[in-house]
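Worksheet: the structure to be examined is printed underneath.
Values in this text are rule-based calculations from the coordinates and carry no lab data. Quick caveat, the model's predicted, so the values are computed rather than measured. Using ideal geometry, Cβ is built from the backbone for each residue, glycine included, and neighbour counts are taken over all protein chains shown.
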Amino acid sequence: MRIEFLSFADCPQAPILRQRLDEALRALGVTATPDTLDLEQLCQAGDRRSGFGSPTILVDGNDLFGMESPLVAERPACRLYHPTVPSIETLIERLRERITESR
């Protein structure tokens with residue numbers, strides 16, 4: 001399972017989501033370390049992942065919350081989660097689904 005954490009410098013939600021992601025992975029016993037990707041660099045490279053907002057978690061190239069792959073972006077943007085950044089429990093649930101699907 002490949003996990004990517006997309007964000008950019010000064011994104012106010014990124015540290016919170018990253019901490020919760022790390023805690024969720026530990027709770028599930030997942031030893032994989034997420035790759036942290038800078039959305040600003042992805043934009044400059046014309047990478048399709050640049051269209052996801054910050055912060056985003058991709059598992060095997062797919063958004064953990066089902067967002068379709070967006071178009072390439074010229075500059076990074078924020079991602080808003082409603083009503084707030086996903087909880088550790090929500091992350092555990094979504095990651096557990098992905099782990100089960102990949103078996």
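Points to keep in mind about this one:
- Screening Gly53 against (1) within 18 Å of Ile3 (Cβ to Cβ); (2) loosely packed, with under 14 Cβ neighbours inside 10 Å; (3) touching a Lys or Arg at 6+ places or on another chain (Cβ under 9 Å) leaves a single unmet condition, (2).
- Scope the range 1-41; condition within 16 Å of Cys78 (Cβ to Cβ), assigned to a helix (DSSP H, G or I) and not hydrophobic (A, V, I, L, M, F, W, C); matching residues: Pro15, Arg18, Glu40
- Looking across the range 53-93, just one residue is in contact (Cβ under 8 Å) with a residue 40 or more places away in the chain, part of a loop (DSSP other than H, G, I, E, B) and farther than 20 Å from Asp22 by Cα, and that is Pro76.
- Unique residue being of a type in the set (Lys, Arg) and either on the phi > 0 side of the Ramachandran plot or surrounded by 13 or more Cβ atoms within 10 Å (Cβ to Cβ) (or both) when the list is Arg98, Arg26, Arg2: Arg98
- Looking across the range 42-52, the residues that are among the charged types (D, E, K, R) and not in a loop (DSSP other than H, G, I, E, B) come down to Arg48, Arg49.
- Filtered by the rule that a residue be exposed (fewer than 15 other Cβ atoms within 10 Å of the Cβ) and under 18 Å from Ala14 (Cα atoms), the range 63-95 gives Phe65, Met67, Arg75, Cys78, Leu80, Tyr81, His82, Pro83, Thr84, Ser87, Glu89.
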